[in-house]
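The values are calculated or read from the model by the stated rules, or taken from the named source; none is laboratory data. Predicted model only: the values in this text are computed from it and were never measured. Cβ sites come from the backbone with ideal geometry, for glycine too, and all protein chains shown count toward neighbours. Each accessible area value is taken on the protein alone, full model and side chains, heavy atoms only, with ligands, DNA and RNA left out. Shrake-Rupley method; radii C 1.70, N 1.55, O 1.52, S 1.80 Å.
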Amino acid sequence: MIIERSENEINKLREAGKIVGLTHKYLQQFIKPGITTKELDILAKKFIESKGCTPSFEGLYGFPGSICISVNDEVVHGIPGNRVLKNGDILKLDIGACYEGYHGDSAWSYIVGEPKSEKDIRLLKNTEEALMAGLAAIHDGCTTGDIGHAVEKVAHKYNLGVVRELVGHGVGDAVHMEPDVPNYGKEGKGPRLHKNNVIAVEPMLNLGSRYIYQLNNNWTIKTDDGKNSAHFEHTVLVTDTGYEILTRRDVELDPEDIIEK
Ligand code: MG
Ligand code: MG
């Protein structure tokens, strides 16, 4: 069942989403060569908790971190650790925050320092475009197939591999809920979405083939061919005429959260 959220629930989802957006903005200040993924994870946890939320992914299905941090050919579910970020790395931060029992979920890809190649710059730009195309297909009465089709169309335009084993999802009083929102599909197919449903759309696109495998840590997903991958995700509310992004990125940090140079 796809749950229609009440006004009260939507307000909590808005607050959770806002904190996720703010956490991205806060962490961006620290994305530089030399920082470890564990340091970013600790900063994320402290920040999320300072805003009255808890990190949604901490301990979720046993996940050993507060946020997922994946680098280069790691697609998703990277475990924060002693990996030191290097100039030109593609860094993917997947952040969830829970406010009064309701979640926000947003992943974004960043280039550490100076980009290594034009290809990497385009991978990020095109994957973000695929996300926005998926969102543009959302309105009261659309189907998950409409969204997947729109995402896939952009991916194919740029010759990118579409990861199929991992999908977007409903969001609410759990991070992962019905329905699945694949990054491929046919228009008019799949479950129908209605006003006040909340979903996460999250294309994972690869420079090479779509195929992936899981490391024997039982978490990290990598591309089969070792080529880079990008991941962009927003949690959105379905409205009459379209959608509202709950994990907005145009939020303003409090002055005390801004790190001076
Ligand atoms: Mg996510
Ligand atoms: Mg998600």
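Residues checked against (1) over 22 Å from residue 42 (Cβ atoms); (2) small (Gly, Ala, Ser); (3) modelled with pLDDT under 95:
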residue: 97; (1), (2), (3): no, yes, no
residue: 109; (1), (2), (3): no, yes, no
residue: 115; (1), (2), (3): yes, no, no
residue: 139; (1), (2), (3): yes, no, no
residue: 143; (1), (2), (3): yes, no, no
residue: 170; (1), (2), (3): yes, yes, no
residue: 180; (1), (2), (3): yes, no, no
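If I filter segment 195-202 for residues that are among the hydrophobic types (A, V, I, L, M, F, W, C), more than 16 Å from ligand 1 (Cβ to nearest atom) and modelled with pLDDT of 95 or more, do I get at least one hit?
Restricting attention to segment 195-202, the residues satisfying the condition of being among the hydrophobic types (A, V, I, L, M, F, W, C) are 198-201.
Still in the running and more than 16 Å from ligand 1 (Cβ to nearest atom): none.
No - not one qualifying residue is present in segment 195-202.
Filter segment 209-261 for residues that are basic (Lys, Arg) and in contact (Cβ under 8 Å) with a residue 60 or more places away in the chain; which is most open to solvent (accessible area, probe 1.4 Å)? Lay out the reasoning, then the answer.
Kept after step one, since they are basic (Lys, Arg), are these residues of segment 209-261: 210, 222, 227, 248-249, 261.
From the residues that got through so far, the ones that are in contact (Cβ under 8 Å) with a residue 60 or more places away in the chain too are 222, 227, 248-249.
Numbers: 222: 41, 227: 101, 248: 118, 249: 67 Å².
Selected residue: 248.
Among what's in segment 72-84 and is within 16 Å of ligand 1 (Cβ to nearest atom) and part of a strand (DSSP E or B), pick the residue that is nearest to residue 35 (Cα to Cα).
So in segment 72-84, the residues within 16 Å of ligand 1 (Cβ to nearest atom) come out as 74-80.
Remaining after also requiring part of a strand (DSSP E or B): 74-76.
Details: 74: 18, 75: 20, 76: 19 Å.
My answer is 74.
What tally of residues in segment 93-108 results from selecting those that are more than 12 Å from ligand 1 (Cβ to nearest atom) and either within 18 Å of residue 27 (Cα to Cα) or of a type in the set (Ser, Thr, Tyr) (or both)? Before you say what the answer is, go through the steps one by one.
Here is the first cut: in segment 93-108, the ones more than 12 Å from ligand 1 (Cβ to nearest atom) are 98-102.
Now narrow it down to the ones that are either within 18 Å of residue 27 (Cα to Cα) or of a type in the set (Ser, Thr, Tyr) (or both): 98-99, 102.
The total comes to 3.
Before we move on, is residue 43 more than 16 Å from ligand 2 (Cβ to nearest atom), in contact (Cβ under 8 Å) with a residue 12 or more places away in the chain and either surrounded by fewer than 18 Cβ atoms within 10 Å (Cβ to Cβ) or over 16 Å from the mean Cα position of the chain (by Cα) (or both)?
Considered against the rule, which asks whether it is more than 16 Å from ligand 2 (Cβ to nearest atom), in contact (Cβ under 8 Å) with a residue 12 or more places away in the chain and either surrounded by fewer than 18 Cβ atoms within 10 Å (Cβ to Cβ) or over 16 Å from the mean Cα position of the chain (by Cα) (or both), residue 43 comes out as yes.
Residues in segment 188-206 that are polar (S, T, N, Q) and either open to solvent by 10 Å² or more (accessible area, probe 1.4 Å) or in contact with a His (Cβ under 9 Å, 6 or more places away or on another chain) (or both): how many? Break it down stepwise before answering.
Initial filter on segment 188-206 (polar (S, T, N, Q)): 196-197, 206.
Keeping just the survivors that are either open to solvent by 10 Å² or more (accessible area, probe 1.4 Å) or in contact with a His (Cβ under 9 Å, 6 or more places away or on another chain) (or both) gives 196.
Final tally of qualifying residues: 1.
Quick one: how many residues across segment 73-84 are out of contact with any Ser or Thr (no Cβ under 6 Å at 6 or more places or on another chain) and within 16 Å of ligand 2 (Cβ to nearest atom)?
0
Restricting the search to segment 222-247, which residues are more than 16 Å from ligand 2 (Cβ to nearest atom) and either assigned to a loop (DSSP other than H, G, I, E, B) or aromatic (Phe, Trp, Tyr) (or both)?
Of everything in segment 222-247, those that are more than 16 Å from ligand 2 (Cβ to nearest atom) and either assigned to a loop (DSSP other than H, G, I, E, B) or aromatic (Phe, Trp, Tyr) (or both) turn out to be 224, 225, 226, 227, 228, 239, 240, 241, 242.
If you go through segment 55-64 one residue at a time, how many are under 18 Å from residue 202 (Cβ atoms) and away from ligand 2 (no atom under 12 Å from the Cβ)?
First pass over segment 55-64, keeping only residues under 18 Å from residue 202 (Cβ atoms): 55-57, 60-61, 63.
Filter once more, keeping what is away from ligand 2 (no atom under 12 Å from the Cβ): 55, 61, 63.
Going through segment 55-64 one residue at a time, the tally reaches 3.
Taking segment 188-218 as the region of interest, how many residues are of a type in the set (A, V, I, L, M, F, W, C) and closer than 21 Å to residue 175 by Cα?
The first filter runs over segment 188-218 and keeps only residues of a type in the set (A, V, I, L, M, F, W, C), leaving 193, 198-201, 204-205, 207, 212, 215.
Next, only the ones that are closer than 21 Å to residue 175 by Cα stay: 193, 198-201, 204.
Summing the residues that are of a type in the set (A, V, I, L, M, F, W, C) and closer than 21 Å to residue 175 by Cα in segment 188-218 gives 6.
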